[in-house]
Amino acid sequence: MRLLEFQAKRLFSRYGIPAPKGVLIESPDAPESLETLSFPVVLKAQVPVGGRGKAGGIRIATQAKEAAAVAKELFALSIKGNPVRAVLVEEQAAIERELYLAVLIDRQTNMPIIMASATGGVDIEEVARENPEQVIKKPIEPFIGLSDYVVRYLGKELGLGDYLESFREIVSQAYTIFLDCDASLVEINPLAITPSGLLALDAKI
């Protein structure tokens, strides 16, 4: 089962992984709850497939009236055969850098690994294929758990500096979600560095 982004982010919230402030719209008629957000905002169609951006399922609006109009357009879409029945509206983050982070099952070893890259917000499979040196993979020994030295190594390789402690907490909680939910993948792409700290801009579980 693949969770929708808003469902994954609700789970993130329970485990303390920070994400942008947002509201969920489940009707083409945008609710008054949009007024609780600061603009600009990002509107994202909630469908259980990738490639939303290329299919026009992710849009930006600078004020409430525009957001309401964009929401109606998104509800009219069908992305890879999946009709849009919900739209997540989030405050747009001031992104300084985009990273990639995931905890997943390595199908070759049948063991959990942490995968990270300083190149986030793009198709990680394409990055791994064209520039494999940009993708870091570290195994997690199930009987030992997540080692602190592994997290420190990743933070150093990603050049996180002052954000290392926040990164350590996010990695720890992502692994906890992975275990608690018996997941095959917990992915944050991108994990953004912003003036207010690290934010999970997208979520896949």
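The values are calculated or read from the model by the stated rules, or taken from the named source; none is laboratory data. The model shown is predicted, which means the values in this text are computed figures rather than measured ones. Cβ: placed from backbone, ideal geometry, glycine included. Neighbour counts: every protein chain shown. These area figures cover heavy atoms from the full protein model, side chains too; ligands, DNA and RNA do not enter into them. Shrake-Rupley method; radii C 1.70, N 1.55, O 1.52, S 1.80 Å.
Filtered by the rule that a residue be among the hydroxyl-bearing types (S, T, Y) and part of a helix (DSSP H, G or I), region 55-87 gives no residues. Would you mind finding the one in V42, V47 that is modelled with pLDDT of 95 or more, on the phi < 0 side of the Ramachandran plot and not in a loop (DSSP other than H, G, I, E, B)? The unique qualifying residue is V42.
A single entry from K156, K204 fulfils the requirement of being of a type in the set (K, R) and either buried (at least 21 other Cβ atoms within 10 Å of the Cβ) or in contact with a Leu (Cβ under 7 Å, 6 or more places away or on another chain) (or both): K204.
Looking at this structure, is A86 under 28 Å from I177 (Cα atoms), buried (at least 16 other Cβ atoms within 10 Å of the Cβ), aliphatic (A, V, I, L, M) and in contact with an Asp or Glu (Cβ under 8 Å, 6 or more places away or on another chain)? Against the criterion (under 28 Å from I177 (Cα atoms), buried (at least 16 other Cβ atoms within 10 Å of the Cβ), aliphatic (A, V, I, L, M) and in contact with an Asp or Glu (Cβ under 8 Å, 6 or more places away or on another chain)), A86 qualifies. Only a single item in (1) in contact (Cβ under 8 Å) with a residue 60 or more places away in the chain; (2) farther than 24 Å from A93 by Cα; (3) open to solvent by less than 50 Å² (accessible area, probe 1.4 Å) is not met by A128, and it is number (1). Residues that are touching a residue at least 12 places away in the same chain (Cβ under 8 Å), out of contact with any helix residue (DSSP H, G or I) (no Cβ under 6 Å at 6 or more places or on another chain) and under 21 Å from A203 (Cβ atoms) within region 51-64 comprise G51, R52, A55, G56, G57, I58, I60, listed in sequence order.
If you scan region 1-39, which residues turn out to be over 13 Å from E91 (Cα atoms), at pLDDT below 95 and of a type in the set (D, E, K, R)? Once the filter is applied, which keeps residues that are over 13 Å from E91 (Cα atoms), at pLDDT below 95 and of a type in the set (D, E, K, R), region 1-39 yields R2, E26, D29, E32.
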